[in-house]
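Here the structure comes first, spelled out in structure tokens, and everything after it is commentary.
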Amino acid sequence: MMKYFEDFQVGGKLITRARTVTEADLVSFAALTGDWYPLHTDIEYAKRSRFEERIAHGMLVLSYANGLIPFCDMAIIAFYGMDRVRLTAPTKIGDTIHVELEVTEKQERDEHSGLVTFREWAKNQRGEDVAVCFLKLLVAKR
């Protein structure tokens, strides 16, 4: 069922499906974006880092987290932005992430739309936050 602006309630929560991050994901993301920073792509370099192994690009984690959100079930007009984005822990090859959302604010925009703000937590399989932010969506009214 499509969710419109009126259907969202402050305090409403959603937990998404999960996705495991693979080595192929890191290589594909590097190729797609041109971000070949060695912490993500060079095993020997990463072994000498504080993480002792390769970690996922922060933007890959944020992209996958947003890809897990069922946007097609929402009457979204536009992605409005993300505020206070923080990457709070590394995501490693083999980690499985999911997203937890909570509606924190609703703002009327006009007779056709409103802005919905979600607190977003991307969490790994151990329940640790790996990325947090406030996600803002412009959502149609009925």
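Pairs under 6 Å by beta carbon, first residue closer than 27 Å to ILE55 by Cα and in a loop (DSSP other than H, G, I, E, B) in the range 65-93, partner at pLDDT 95 or above and of a type in the set (Gly, Ala, Ser), six or more apart or different chains?
Partner pairs satisfying both residue conditions: THR91/ALA56.
Within the range 25-63, which residues are among the charged types (D, E, K, R) and under 21 Å from the mean Cα position of the chain (by Cα)?
Scanning the range 25-63 gives ASP25, ASP35, ARG54.
If LEU62 passes every condition in (1) buried (at least 18 other Cβ atoms within 10 Å of the Cβ); (2) among the aliphatic types (A, V, I, L, M); (3) outside any helix (DSSP H, G or I) but one, which one does it miss?
Exception for LEU62: condition (3).
Considering ALA89, ALA140, ALA122, which residue is over 24 Å from ARG17 (Cβ atoms), out of contact with any Lys or Arg (no Cβ under 9 Å at 6 or more places or on another chain) and modelled with pLDDT of 95 or more?
The conditions single out ALA140.
Condition test on SER49, is it assigned to a loop (DSSP other than H, G, I, E, B), farther than 29 Å from LEU115 by Cα and out of contact with any Ser or Thr (no Cβ under 7 Å at 6 or more places or on another chain)? Quick ask: steps written out before the conclusion?
Working: assigned to a loop (DSSP other than H, G, I, E, B): yes; farther than 29 Å from LEU115 by Cα: yes; out of contact with any Ser or Thr (no Cβ under 7 Å at 6 or more places or on another chain): yes.
Yes; evaluated as a whole, the condition is true for this residue.
Anything in the range 27-36 that is part of a loop (DSSP other than H, G, I, E, B) and surrounded by 14 or more Cβ atoms within 10 Å (Cβ to Cβ)? List them, or say none.
Initially, the range 27-36 is screened for residues part of a loop (DSSP other than H, G, I, E, B), giving 34-36.
ASP35, the sole residue that qualifies.
Need pairs with beta-carbon distance below 8 Å; first residue farther than 14 Å from LYS136 by Cβ and within the range 108-124, second modelled with pLDDT of 95 or more and among the acidic types (Asp, Glu); sequence gap 6+ or separate chains.
As it stands, the answer is TRP121/GLU100; TRP121/ASP129; ALA122/ASP129; LYS123/GLU100; LYS123/ASP129; ASN124/ASP95, since those pairs meet every condition given.
Sort out which residues of the range 37-50 are loosely packed, with under 13 Cβ neighbours inside 10 Å and either under 22 Å from GLN125 (Cα atoms) or of a type outside the set (A, V, I, L, M) (or both), and write them in order of number. Give the derivation first.
Going residue by residue through the range 37-50, those that are loosely packed, with under 13 Cβ neighbours inside 10 Å are 37, 43-44, 47-48, 50.
Answer for the range 37-50, where residues must be loosely packed, with under 13 Cβ neighbours inside 10 Å and either under 22 Å from GLN125 (Cα atoms) or of a type outside the set (A, V, I, L, M) (or both): TYR37, GLU44, LYS47, ARG48, ARG50.
Just to be sure I understand, how many residues within the range 12-70 are more than 28 Å from THR104 (Cα to Cα) and of a type in the set (A, V, I, L, M, F, W, C)?
Count: 15.
Take the residues in the range 92-129 that are of a type in the set (Asp, Glu) and closer than 15 Å to GLU6 by Cα, then tell me which one is surrounded by the most Cβ atoms within 10 Å (Cβ to Cβ).
Selected residue: GLU105.
On the basis of being touching a helix residue (DSSP H, G or I) at 6+ places or on another chain (Cβ under 9 Å), of a type in the set (S, T, N, Q) and farther than 18 Å from VAL132 by Cβ, does THR41 make the cut?
Criteria met by THR41.
If a residue has to be in contact with a Lys or Arg (Cβ under 7 Å, 6 or more places away or on another chain) and among the small types (Gly, Ala, Ser) to count, how many in the range 23-55 make the cut?
1
The values are calculated or read from the model by the stated rules, or taken from the named source; none is laboratory data. None of these values were measured; they are calculated from a predicted model. Note that we place each Cβ from the backbone using ideal geometry, even for glycine, and neighbour counts take in every protein chain shown.
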